[in-house]
Structures are given as C-alpha cells and as structure tokens.
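For reference, the structure discussed in these notes is given below.
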Amino acid sequence: MLTCQQMTELVTAYLEGALPFPDRLRFQFHLGTCRHCRRYLRQMRTTVRLLRRVRAEPVPDAVMQSLLERFRSWK
C-alpha cells in the first residue's frame, strides 16, 4: 500500500493519466482508505481547473533576465 507521502509524489502523474496500471490501482486503493488524500486530490483538481482559467501575461525582458540570474546563482 502507498503512503500518503508517496501519494503526493504521484498525484501529478495520476491526474495526467501517466501512472502505469499497477501504480494507478495502488493509488486508487489508497484513496479509498484515506480521506486526507481524497481531500488533497480534490484540492489539486481544483487548483488545476482554476489555473487553466488564468491568462498568461508576457514577462518583461528585464524581469526575465533578473529571474534567470537569480536561478543560475541559487545554491
């Protein structure tokens, strides 16, 4: 049986339909026994649905360059 931590690591693959059949079965079995993970899955589905509604705004070049510099120097 999967742990709750393993569930959180697999939730994206599950939502994208990318889990292999045996893992999907274990995932669904865990959902049937864990109300906290069912709630987490509902929250993730809501988040995905709401983010699809957000329009992407172009990032100004200066901001993009600043972000890239920070990411490159991050340790």
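Laboratory data are not the source of any read-out in this text; all were calculated from the coordinates shown. Since we're looking at a predicted model, the values are computed, not measured. Every residue, glycine as well, gets a Cβ built from its backbone with ideal geometry; the counts of neighbours run over all protein chains shown.
Just to confirm my understanding: which cysteines in the chain have no other cysteine beta carbon less than 4.7 Å from their beta carbon?
Taking the Cβ cut-off of 4.7 Å, the unpaired cysteines of the chain are Cys4.
Using the Cα gyration tensor of the chain, with a ≥ b ≥ c the square roots of its eigenvalues, what is the shape: rounded (a/c below 1.5), prolate (a/b larger than b/c) or oblate (neither)? Before the final figure, lay out each step's value.
Working: a/c = 3.00, a/b = 2.10, b/c = 1.43.
Prolate, since a/c reaches 1.5 and a/b exceeds b/c.
Please give me, ordered by residue number, the chymotrypsin sites (Phe, Trp or Tyr not before Pro) of the chain that lie in loop per DSSP and have at most 14 other Cβ atoms within 10 Å. Don't skip to the answer; put the middle values down first.
Details: sites: Tyr14, Phe27, Phe29, Tyr40, Phe71, Trp74; in loops: Trp74.
When the chymotrypsin sites (Phe, Trp or Tyr not before Pro) of the chain are filtered for loop state and at most 14 Cβ neighbours within 10 Å, Trp74 remain.
Can you sort Arg26, Arg52, Arg38 from fewest to most other Cβ atoms within 10 Å of each residue's own Cβ? Walk me through the intermediate numbers first.
Numbers: Arg26 17, Arg52 7, Arg38 14.
By the 10 Å Cβ count, ascending: Arg52, Arg38, Arg26.
So for Asp61, Asp23, fewest C-beta neighbours within 10 Å to most, what's the order?
Numbers: Asp61 8, Asp23 15.
Placing the least packed residue first, the sequence is Asp61, Asp23.
What number, rounded to the nearest 500 deg cm²/dmol, is the helix-based mean residue ellipticity at 222 nm of the chain, given -39500 (n - 2.57) per DSSP H run of at least four residues and division by all its residues? Before the final figure, lay out the partial values.
Details: 4 runs with 55 residues, N = 75.
Dividing the helical sum by the residues of the chain leaves -23500 deg cm²/dmol.
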